1. Return the only residue of 349, 359 being without any contact (Cβ under 8 Å) to a residue 40 or more places away in the chain and either part of a loop (DSSP other than H, G, I, E, B) or of a type in the set (Val, Ile, Thr) (or both).
2. Among (1) without any contact (Cβ under 8 Å) to a residue 40 or more places away in the chain; (2) under 14 Å from the mean Cα position of the chain (by Cα), which single condition is residue 453 missing?
3. Can you name every one of the strands (runs of 3 or more DSSP E) wholly within segment 372-454 that holds 2 or more residues which are more than 17 Å from residue 265 (Cα to Cα)?
4. Give me the pairs: first residue in segment 164-192 and in contact (Cβ under 8 Å) with a residue 24 or more places away in the chain, second residue assigned to a helix (DSSP H, G or I) and aromatic (Phe, Trp, Tyr), beta-carbon distance under 8 Å, and six or more apart or on different chains, which are they?
5. Could you pull out the residue among 6, 54 that is within 20 Å of residue 152 (Cα to Cα), assigned by TED's automatic domain parsing to the domain that holds residue 158 and within 23 Å of the chain's Cα centre (by Cα)?
6. Can you pull out the residues in segment 256-279 that are part of a helix (DSSP H, G or I) and either touching a strand residue (DSSP E or B) at 6+ places or on another chain (Cβ under 8 Å) or in the same structural domain as residue 207 (by TED's automatic domain parsing) (or both)?
7. Would you point out the residue of segment 316-346, among those that are charged (D, E, K, R) and assigned to a loop (DSSP other than H, G, I, E, B), that is surrounded by the fewest Cβ atoms within 10 Å (Cβ to Cβ)?
8. Going residue by residue through segment 171-179, is there one that turns out to be surrounded by fewer than 22 Cβ atoms within 10 Å (Cβ to Cβ), closer than 29 Å to residue 258 by Cβ, assigned by TED's automatic domain parsing to the domain that holds residue 81 and not acidic (Asp, Glu)?
Amino acid sequence: MSLKSTNPFTCKIIEEFEELSDSSIQRILSCSASAFETWKKSDFNSREALLRRTANLLHENVKELSLVITNEMGKPVTESAAEIEKCTWVCKYYAENGESFLSDEPVETDAYKSYVRYEPLGTILGIMPWNFPFWQVFRFAVPALMAGNAVLLKHASNVQRCAREIERIFSNSGFPPDVFRNLSIGSGKVGRIIESDVVKGVSLTGSEMAGQKVAEIAGRNLKKTLLELGGSNAFIVLEDADIEKAAEIGVRARMMNAGQSCIAAKRFIVQRNISDKFLERFKYYLDKLKQGDPADYETNIGPLASVQQAMAVEDQVNRSVKLGARIFTGGRRTEAFYSPSILLDVHPGMPVFDEEVFGPVAPVSIARDISEALALARTTKFGLGVSLFTDDLEKAGKIAADFKDGAVFINDLVKSDPRLPFGGTGRSGYGRELSVHGIREFVNVKTVYAKKFK
């Protein structure tokens, strides 16, 4: 079996990768286990130096790496460059803060001395998606490595060139052999890897179905898991909001990466008395976007990652239109491209409201008042993030407290930031990445308690 890398703009195969044999996988697992035994004894200064070299290498090669992303999954090259630079940020962040996050914590008890230690678990498997093929990996791998774990990467089948480059970066930065390894495999071989005694934890970013399967296998084998799954983030615009800013930010929140993001704004909920003005300005900013060749630095929206992905979005829109939704603008597919679109008259029960739409489609629901707006926003099985636009920050704070989601961003789009914990609730998964919380996901939180008799 081979894994094919296809350029979604040209629809031509770039390269094919032979899937690893079972014997090769076993050798890599064994080498990873051995590498961990040495790596866990390395000091924080050594790990910090390696992460700083990794950051420098990313920055120095941003142009070449950006084109790898763009050619393999269709992201505009300017966004690909921003993704690479964000990876440099997370490397520097954990280089600067990793030691303090994992230092022993004294605890006052009746003992002579008691404290909490944070120790690495072993080899951690990361199962990563194609939509942010560098950032998703670095977001998971950097804190795991800084904590002293070894890492195995199972990347999406369609971004194997990205996976190869990531492994090369860690190697060229000076990380010891086998501390970070890429596994060129399809999904069919993942279960046996999770079951291996070498693997001590699994971090997955992907679909609900993938999360369920991974959690089931890991649960049977009592392995720690972190699941970052889908989202259907509400973008709420209240009557006292800055409509111009809300419209401008809303277009970015929905259309970045052609809408292929778990944290993209996916359901726009607007109070009725400002809806006409918001839609006018929203369409104004939408119409300014240039869709085309993602390798062109003037392009704002490229193709979706595949023709199949574009067809899936087309199907969700068509089914919603049959249920009464109205296409305000857009609504056209050409091969892997789907035109930036706005849908009106959207309500619960429609695919574009109930499901995660992974494409450049903005469904808009009009609410009579704030109560209906918030009720619509909460009508979802997901719990990843919410954007709320209002000039009343005191009111916004109270509203934020009532949402179950993992993040509420007031007057801005939902985004990931190394300094802030990232993750969701409900069907969006569990566990947290980034910040101090992320680096402590795959560690043994060990109590040490000592009494003295003399």
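The values are calculated or read from the model by the stated rules, or taken from the named source; none is laboratory data. Bear in mind the structure is a predicted one, so any value in this text is a computation, not a measurement. Cβ: placed from backbone, ideal geometry, glycine included. Neighbour counts: every protein chain shown.
1. Just one listed residue meets the conditions, 349.
2. Of (1) without any contact (Cβ under 8 Å) to a residue 40 or more places away in the chain; (2) under 14 Å from the mean Cα position of the chain (by Cα), only one is false for residue 453: (2).
3. In segment 372-454, 443-450 are the strands (runs of 3 or more DSSP E) which contain 2 or more residues that are more than 17 Å from residue 265 (Cα to Cα).
4. 166/138; 176/39; 179/36; 179/39; 179/170; 180/170
5. 54
6. The answer is 258, 259, 272, 274, 275, 278, 279.
7. The qualifying residue surrounded by the fewest Cβ atoms within 10 Å (Cβ to Cβ) is 332.
8. There is no residue in segment 171-179 that is surrounded by fewer than 22 Cβ atoms within 10 Å (Cβ to Cβ), closer than 29 Å to residue 258 by Cβ, assigned by TED's automatic domain parsing to the domain that holds residue 81 and not acidic (Asp, Glu).
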